[in-house]
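The values are calculated or read from the model by the stated rules, or taken from the named source; none is laboratory data. All values reported here derive from a predicted model rather than from experimental measurement. Counting neighbours? That spans all protein chains shown, and the Cβs are built from the backbone with ideal geometry, glycine included. Note: areas computed on protein heavy atoms with side chains; ligands, DNA, RNA excluded. Shrake-Rupley method; radii C 1.70, N 1.55, O 1.52, S 1.80 Å.
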Amino acid sequence: MSQNPQKPKIKIEPKLESTVVIRQPMVRNFSTGGGHLPGDVLTEGDQKVVTKKWQGYPPENLKVVGKPMPPMPEVAIPRFLGKAEYATRVVLPNMLHAKAVTNPHPRATIKSLDTSKAEKMPGVAYVLTYKNAPSTYPLTRELNFQGDLVALVAADTEDLAEDAADAIEVEYDTLPAASTLKDAMSSDAPDLRQGKGNLVILSPNNPHYDPKATWVAKHGDVEKGFAEADIIKEFTYYFAGAVSVPMQPCGSVAKWDGDKLTFWGMGQSIYPSRASLAKALGIEESKIRFIDKYNGCTFGAANAAARFDPYIATIAKVTGRPVKLMLPKDQELAHITIKPENLTKFKVGAKKDGRIVALTHEIHISNGDQEAVGHASGEISKNQTELYTSKVPNWKSSWHSYKSNAIKAGICRSYTQQEVKWSWENMIDEMAEAVGMDPIQFRLLHVPRPGTTLTKDWHEDLGKKYEAENGVVHYDSFASVEVLEEGAKAIGWDKRNPVPGGNPGRFKRGMGVGMSQHHPGHMGYHDGEVYFEKVTAQPIGGGQGLFTAEIEIGADGYVTMRNALPDSGTNHDTALAALVAEMLGFTTRDRIRVVWGDSDLAPSSGTWIAGKTITLQGAAVCSATNKLRQDLLRRAADALKVDVAKLQMRDGVISSTEDPKKRTTFAELAKANKGSIRQTGMGVNKDQGRALTKGVGACFVEVEVDTWTGNWRFLRGVYCHDTGLAVNPLVAEADMHGSLVESFQMATDSIPWDREFPGTRHYSVGYLSYRIPTIMDVPEQTQVFIDSLEPRWFFGTKSFSETSIGSVPGAISNAIYNACGVRIREHPITREKIIAGLRRGGTGR
Amino acid sequence: MRYSRRDFLKATAGSGLIALTTGSDGVVAAFAAPPVPIPTPMTKETATFNINGRNYQAEYEARTTLWEVIAVKLGLTGTNRSCNRASCGACSVLLDGTPFYSCHTLAMEAVGKKIFTVEGLGDEKNLHPMQKIGYLYMAADCGFCTPGWEVTAKGLLDKNLNPSVDEVKSALAGHICRCAAYSAIIRTVIDTGKVLRGEAEL
Ligand code: FES
Ligand code: FES
């Protein structure tokens, strides 16, 4: 076949495309007193034992962890064959197809509803409305956002269901609405909270209570701080929201056999999803088999489309036929959570040397149709505040969440990241200029570094009360300096044009930087740790919860890892399998198999969120594997009559270090134990996770602005991550490519409102109106992984997949400013705003 | 306000068989054409669909899409449907070697043509080099867009075994990958060409 037999053939192998991995030295000056050895005890502030360093598994002599490897074949290969089992792929005999009728108005009540025509149409099996929805999970006549659910029709085909949906006659009484942030904040906004006002307010005994804000935190004395400042600046920024648009249509399939329900869902959990479905249907959880092995993206957002699940199950029950729903993109968009619109004001006071001495931060958020205070409460809301003000003596941050007739704010390709950091990163850049400093130097002056301490009040605000019962908490593994310095090197920051817009010519290039840190930032605890017991002694809920994993050695010597969590393209089991292989002394990953995504096949576990799977499900997996390792060693010691300390484990063989002839295998030990040996481990995630284990990231971009047209191009990106030890750089690189592209898009696209009815209707045609980056749009990018070695976790790993994600939109805005002197304070970045700014001769919106 | 395939069909049928009268001024011809009766949507027909070299019988209506025939009626579920609005490419299949969005191709348009879907590419025991390389290069994160671009890339490689990066990009420009695995997708297609040309091996 080959035309050129002499030429040696190229070997196709997995390789990193554009990633630089920078190893941190094993020994560095952590706050805990310098270098650490395997198994060292790590203590914090009050000298209480927190954990063992590396959890006993040091990042040394690694054979599997840290190597670029393709994902688990049983998970990834079906994707290339068209055989990955997304709920949308489930086709069952005699199956009904559901279509929804949704509210066309931002706010309305159903005046009248007539389904009689629809019910008589060909192929129609059932119509569900507020009149016959289950009492355990009602539908109401009150519709609070455009796209709110009015009716579901199930028929033999999608077309017939759509015909019938069109034949349902609904009359609406439209009500005054507030869909946009501006409307929701306005003094004559309609009352959406029965007289309580649209601003959500905490109960007065909450330490963050404020009568005029949703949540307030402060430190020091802001007035005093401003009095001491040499330079005082005020800034206002606006972020217009963003949506995630998962690829797979949200939806589900339900099938009953007697009183047993098999449910194929879409989301980020098996057991919590099953529990809410069971609750809504008023049945026992054990009656449901919940399957969700693959999702075509979820971005956290798709979880919210589970709203439809109980109705689909109900229709399947009543009709005695399987039912499937695949939401069209417009109806899906109305239900999955989005990045909310927000308006942010800063007042910042600095000394001549650049140090910020006083800062106020005020943010207003359109919360959508909910009263939860998600964005405003808890540690996450202080995330970027902490990044820049942990050294600032006086600051105040106040959050204002308004109920509105918009799509719900919530998780959307990270939580509180791009939307909140847009303003922070623009502000830091503007402030750097105001004090006459380079943006990198200005950031270096303010970000915490290993050894930086946070006092007790900070710590309690962060909700990590356990580890700071009596003292302060230190940053340990936190590569803030490295992400900035290595990123600057990789992009060539020294060649950056020093004067905004200073380059000659029509096409002007510029560079910008943004930073962010991992929003939840805490890892959980695994069973066997002191705080695991403390945390699990209290109720755990809110989609967080308890994670369980089961690791089993079979008579064939293979290891089966059972993790319930669905895969959304996360390929988390790939990383977890590498940890298992390493802990059990394998030199490859080939002996590890994974079973996942099915409540019948894997033990109960929580919801994976926030890029924390490696330390949550990972806590369970590592704990189970550690137990299994000890168990195997004990069994081998008994069988071989050798002391455990004198045994070694390599590729499924356990042998004596002194006499290699004394050996047994995993397979033999399993056979001797009726064919298998298994262990279970647990992890917990509740607000009070481990202290300050978050990673930090930076994004550097180079752009080119056409000063005649306002068009601009993203030329290059350098995306730097404080990764801890990256378990599998190949998967990590792929994930970070997607993270950069999607965050880049979030800089330029807001919530897709309908041009005809701005602020009341979102676009209804999906990808056409929300222009998702295609293969033509991808910028050249380099990933920089700083292997910062988290001392508290197995092999020095940490969660990092949503560490740098928030930095991108701000970095782009800063680069555009550097290129052409136009500061865009009002998101999204558009050519119209650039050209308008250029006409005004530079800075401005 | 609402867009639906039935409106699309009505428009096509009602505007005087655009397909027959189109030239460069198809639109004008469409307006000028006398109104023709809209075919009743419930008319059913059965035809043979040639998919990956095998013949299948399926019943369809005038408005039934090719995707519905393939993925629902015939149970060849490999072809994903995402946007259902002819804008993402997830549902792509080849018709006589040319990629089409099956969500907006009517079943009747595919009768008599050779249909190629992801199932024709390879299976567990016999992976097509593109599937193997895609796996090794992480050209799929979630995998929902994967069957669509694979089929289009197969169509490209059938015509051009040595495409340039720009040729791969323009061939795949009609495919959205929300996970943005684009650079791995490009390398996969280029290197599949190398393997098929005998210059590289797996
Ligand atoms: S599903 Fe057909 S193009 Fe998107
Ligand atoms: S791999 Fe997820 S959409 Fe392409």
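Over the range A:524-684, calculate the relative contact order: mean separation of alpha carbon pairs under 8 Å at least 6 apart, over the residue count, as a percent. Can you show the working numbers first?
Numbers: 324 pairs, mean separation 57.9, N = 161.
Dividing the mean separation by the residue count of the range A:524-684 yields 36 percent.
Could you tell me the relative contact order of chain A? Use alpha-carbon pairs under 8 Å, at least six residues apart, and round to a whole percent. If you can, show how the numbers build up before the last one.
Numbers: 2137 pairs, mean separation 146.9, N = 845.
Relative contact order, chain A: 17 percent.
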Determine ³J(HN,Hα), in whole Hz, for all residues of the range B:81-89 in sequence, where each value follows from phi through the Karplus function 6.51 cos²θ - 1.76 cosθ + 1.60 and θ = phi - 60°; x replaces Gly and Pro.
-> 10, 10, 6, 6, 9, 6, 9, 10, x
Simple spin-label estimate for A:GLU285 and A:TYR558 in nanometres, 7 Å along Cα-Cβ = 2.9 nm
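Can you list the chymotrypsin sites (Phe, Trp or Tyr not before Pro) in the range A:401-436 that are in a DSSP coil and have 12 or fewer other beta carbons within 10 angstrom?
Details: sites: A:TYR402, A:TYR415, A:TRP422, A:TRP424; in loops: A:TYR415.
Filter output for the range A:401-436: empty list.
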With every protein chain kept in the model, how would you rank A:ARG107, A:ARG443 by accessible area, 1.4 Å probe, largest at the top?
-> A:ARG107, A:ARG443
Inter-label distance, nm, simple model (7 Å from Cα along the C-beta direction), B:LYS44/A:GLU85 | 3.1 nm
For chain A, accessible area per residue (1.4 Å probe, heavy atoms of protein chains only), Å² | 34 Å²
Karplus ³J(HN,Hα) for the range A:435-442 (6.51 cos²θ - 1.76 cosθ + 1.60, θ = phi - 60°; Hz, whole; x = Gly/Pro) runs 9, x, 10, 5, x, 6, 4, 5
Just how large is the dipole of the protein assembly as shown about the Cα centre, in debye to the nearest 20, putting +1 at every Lys and Arg Cβ and -1 at every Asp and Glu Cβ?
-> 920 debye
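Test of the criteria: in the range A:688-750, which chymotrypsin sites (Phe, Trp or Tyr not before Pro) are in a DSSP loop and have at most 15 other Cβ atoms within 10 angstrom of their Cβ? Display every interim value, and only then the final one.
Numbers: sites: A:PHE700, A:TRP708, A:TRP712, A:PHE714, A:TYR719, A:PHE744; in loops: A:TRP708.
Within the range A:688-750, the qualifying chymotrypsin sites (Phe, Trp or Tyr not before Pro) (loop, at most 15 other Cβ atoms within 10 Å) are A:TRP708.
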What does the average come to when, for each residue of peptide B:84-91, you count the partner chain Cβ atoms lying within 10 Å of its Cβ?
-> 5
Using alpha-carbon positions, the gyration tensor of the protein assembly as shown gives root eigenvalues a ≥ b ≥ c; with a/c under 1.5 called rounded, otherwise prolate if a/b exceeds b/c, else oblate, the class is rounded
Pseudo-spin-label distance A:ASP638 to A:TRP708, built 7 Å along Cα→Cβ, given in nm, is 8.3 nm
Here the range A:558-568 yields Karplus 3J(HN,Hα) values (6.51, -1.76, 1.60; θ = phi - 60°; whole Hz; Gly and Pro given as x) of 7, 10, 10, 10, 10, 10, 5, 3, x, 10, 9
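How well do other chains shield peptide B:182-190, expressed as the mean number of their Cβ atoms within 10 Å of each residue Cβ?
Details: counts 9, 10, 6, 2, 2, 3, 2, 0, 0.
Per-residue shielding by partner chains comes out at 4.
Given R₀ = 45 Å, FRET efficiency for A:LYS182-A:THR319 by Cβ-Cβ distance, to 0.05?
Values: r = 45 Å, r/R0 = 1.00.
The computed FRET efficiency comes out at 0.50.
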Mind grabbing the accessible area of B:VAL151 for me, 1.4 Å probe, Å², rounded to tens?
-> 0 Å²
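Where does each of A:LYS83, B:LYS154 land when they are ordered by accessible area, with a 1.4 Å probe and the largest first?
Details: A:LYS83 90, B:LYS154 45 Å².
Ranked from most to least accessible, the order is A:LYS83, B:LYS154.
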How much of the accessible area of the protein assembly as shown, in percent, comes from carbon and sulfur atoms when a 1.4 Å probe is used?
-> 52 percent
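Mind scanning A:LYS224/A:LYS351; A:LYS421/A:LYS495; A:LYS131/A:LYS279; A:LYS182/A:LYS218; A:LYS351/A:LYS495 and naming the pairs with a C-alpha gap bigger than 18 Å? Display every interim value, and only then the final one.
On the way: A:LYS224/A:LYS351 13 Å; A:LYS421/A:LYS495 26 Å; A:LYS131/A:LYS279 20 Å; A:LYS182/A:LYS218 26 Å; A:LYS351/A:LYS495 28 Å.
Those over the limit are A:LYS421/A:LYS495; A:LYS131/A:LYS279; A:LYS182/A:LYS218; A:LYS351/A:LYS495.
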Sorted by accessible area (1.4 Å probe), largest first, how do A:LYS396, A:LYS182, A:LYS53 line up?
-> A:LYS182, A:LYS396, A:LYS53
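When a/c reaches 1.5 or more, the comparison of a/b and b/c decides; with that in mind, is the range B:121-202 rounded, prolate or oblate per its Cα gyration tensor? Mind showing how you got there, number by number?
Values: a/c = 1.56, a/b = 1.11, b/c = 1.40.
Because a/c hits 1.5 or more and a/b fails to exceed b/c, the range B:121-202 counts as oblate.
Can you tell me how much longer the chain between A:LYS671 and A:LYS489 gets when fully stretched, taken as 0.36 nm per residue apart minus their C-alpha distance, in nm with one decimal?
Numbers: separation 182, 0.36 × 182 = 65.52 nm, distance 5.56 nm.
Residue separation times 0.36 nm, minus the Cα-Cα distance, leaves 60.0 nm.
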Can you list which of the trypsin sites (Lys or Arg not before Pro) found in the range A:618-676 are DSSP loop residues with at most 13 other C-beta atoms within 10 Å?
-> A:LYS641, A:LYS661, A:LYS674
What FRET efficiency would be calculated for the residue pair A:LYS7, A:GLU780, taking the C-beta separation as r and a Förster radius of 25 Å, to the nearest 0.05?
-> 0.25
Set the Förster distance to 45 Å, then compute FRET efficiency between A:GLU826 and A:GLU17 from the Cβ-Cβ distance, nearest 0.05.
-> 0.80
Amide H contacts under 5 Å for A:THR337, placed H, 5+ residues apart | A:ALA304
